[in-house]
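Bear in mind that the values in this text are calculations on the coordinates, not laboratory data. Here the structure is a predicted model, which means the values were calculated and not measured. Cβ coordinates were reconstructed from backbone atoms using ideal geometry, including for glycine residues, and neighbour counts include every protein chain displayed.
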């Protein structure tokens with residue numbers, strides 16, 4: 001089967017919105033042999049660039065890691081802690 005995702009899709013998504021729609025394969029049935037004829041399905045995701053930007057700069061009126069470290073204020077969110085663990 002042809003590839004549906006590219007690295008570019010994971011970094012940027014495939015659309016212009018915050019939540020991009022990309023194509024992935026989904027099994028046709030949930031039976032034991034159910035994934036013999038997978039079908040393409042659109043799913044929404046936030047590209048990696050957007051996620052990193054939101055964690056560092058903040059989103060939705062919230063402050064990001066850069067502000068919190070610069071001012072030594074505010075508790076870290078779970079996403080921010082997970083981001084720091086991955087460094």
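Pop the C-beta distance of residue 10 and residue 69 into the FRET formula with R0 = 25 Å and round what comes out to the nearest 0.05.
Efficiency for this residue pair is about 0.40.
Explain nothing, just the number: relative contact order of the chain, from Cα pairs under 8 Å at least 6 residues apart, as a whole percent.
Computed value for the chain: 20 percent relative contact order.
Using a Debye calculation, one point per C-alpha and no hydration shell, please list log10 I(q)/I(0) for region 1-46 at q = 0.18, 0.19, 0.28 Å⁻¹ in order.
Scattering profile of region 1-46, log10 relative to I(0): -0.58, -0.63, -0.94.
Just the number: Rg to Rh for the chain, Cα atoms, Kirkwood Rh, two decimals.
1.15
Rounded, prolate or oblate: pick one for region 48-87, where a ≥ b ≥ c are the square roots of the eigenvalues of its C-alpha gyration tensor, a/c under 1.5 means rounded, and failing that, prolate if a/b is larger than b/c, else oblate.
Since a/c reaches 1.5 but b/c is at least a/b, the shape of region 48-87 is classed as oblate.
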